[in-house]
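What follows is one structure encoded as structure tokens, with my remarks underneath.
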Amino acid sequence: MNQHTPQPSFAFVATSWAALLAGFIAFLVGLFNADMQLNERGYYFTVLVYGLFAAVSVQKSVRDRLEGIPVTGIYYGLCWVSVLLAVLLLGVGLFNATLALSEKGFYGMSFALALFGAIAVQKNTRDLHAARPQAADAPLAPARDDGAPARQDD
């Protein structure tokens, strides 16, 4: 693990969460208010959740590789294919949808904002964890003779 990882600022962490929530909530509000059948709404919701998961997986696997943590080539490739597939599925769905161009743009932009936010939140989470003092990761002391769990000061 890289011990020189700087801790992200509160402003960047808050902005990342705001981007994720704004994109996700805007997409959901758009789906709720859209004049679509339930199966169409389900399709777009599934693509959004799949895209968010795939984006976080790409960020994690790229970061793992940079830090020397082994990541298999097949997993790394599947992460990238998943992100591209989610974007492609959204694009095909919007291209064939009977929506106004402004609505299609809205879904595309809120999807992109949510993906960016998910990647940034994952990065911040990892950076915050890496910046914590290593004493917090110390193993627990062994149990006492009376069976009760030991405290560090015992």
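Each reported figure results from applying straightforward, stated rules to the coordinates on display, with no laboratory input. All of these numbers come straight from a predicted model, not from anything done at the bench. All Cβ positions, glycine included, derive from the backbone under ideal geometry; neighbour counts span all protein chains shown.
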statement: Extension length gain for Trp17 and Ala112 (0.36 nm per residue less Cα distance), in nm, is 32.8 nm
message: Let me check against my output: what whole-number percent is the relative contact order of the stretch 13-99, with C-alpha pairs under 8 Å and at least 6 apart?
response: 29
- line: Note, Gln122: beta-carbon cut-off 9 Å, +1 each Lys/Arg, -1 each Asp/Glu, net +4
message: Along the Cα→Cβ direction, 7 angstrom out, place labels at Glu67 and Gln7. What is the inter-label distance in nm?
response: 1.7
- request: Provide the net charge surrounding Val71, with neighbours chosen by a C-beta distance below 12 Å and charges set as Lys +1, Arg +1, Asp -1, Glu -1.
  value: +1
Chain lengthening between Ala131 and Tyr76 when straightened (0.36 nm per residue, less Cα-Cα): 17.3 nm
³J(HN,Hα) computed for each position of the stretch 40-46 - Karplus, 6.51 cos²θ - 1.76 cosθ + 1.60, integer Hz, glycine/proline x: 5, 4, x, 4, 5, 5, 5
